[in-house]
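One structure is given below, encoded as structure tokens.
The values are calculated or read from the model by the stated rules, or taken from the named source; none is laboratory data. Everything quoted here is computed from the prediction, not taken from an experiment. Every residue, glycine among them, receives a Cβ derived from its backbone with ideal geometry; neighbour counts consider all protein chains shown. Note: areas computed on protein heavy atoms with side chains; ligands, DNA, RNA excluded. Shrake-Rupley method; radii C 1.70, N 1.55, O 1.52, S 1.80 Å.
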Amino acid sequence: MSRIGRMPIAVPAGVTVEIAENNKVTVKGPKGTLERVLPAEMEIRLEGAEVLVTRPNDLKKMKSLHGLTRTLIHNMVVGVTTGYEKKLEVNGVGYRAGKSGRKLTLNLGYSHPVEMDDPEGIETVVEGQNVIIVKGIDKEKVGQFAAEIRDKRRPEPYKGKGIKYADETIRRKVGKTGKK
């Protein structure tokens, strides 16, 4: 039995979960509303202040969908209550980030500044000149936009310059040594 899929999802006060046909789940909370169509094979039901996910049989596909469905619903509940955030750090001489309106401007050593617009439902905050915080209620969108920002200049292993996640460690390499 799926250990994650079996666990009930606690629905906190102030959050409403609606399950429509074709397993369309809508979660409303203090931070906003999220909706998602989940696999039709899974049975999702609301019992009191808990959401339970059960699977029809023990086929390998159903087992894998069981835990996934439960986790997706849990992420939606956490998103509308506390939200998600990813922290990125910009390292390098002359590398910096700035924010004006909904536009994030990155100076990353290219001949031009890189400009990115915040997607719908995502907010970026710049602390100082080298810390970017991506916030939102949808875990998937927050992670995706943070990855897109990081891709503009990935950290390199020799000097560690580039954009990295705050909790990421860069494996450093030793440079070439000159001849004597």
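Quick check: at a probe of 1.4 Å, how many percent of the accessible area of the range 1-119 sits on carbon and sulfur atoms? The partial results should precede the final answer.
Values: 3570 of 6860 Å².
The C+S portion of the solvent-accessible surface of the range 1-119 is 52 percent.
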- Note on the structure: Computed over the chain, protein heavy atoms only, probe 1.4 angstrom, the accessible area per residue in square angstrom equals 62 Å²
- Query: To the nearest 10 degrees, how steep is helix 60-81 against the longest Cα principal axis of the chain, on a 0 to 90 scale?
  - Reply: 70 degrees
- With Cα atoms, 0 to 90° folded angle of helix 139-151 axis to the chain main axis: 20 degrees
- About the Cα centre, charge dipole magnitude for the chain (Lys/Arg +1, Asp/Glu -1 at Cβ), debye: 1440 debye
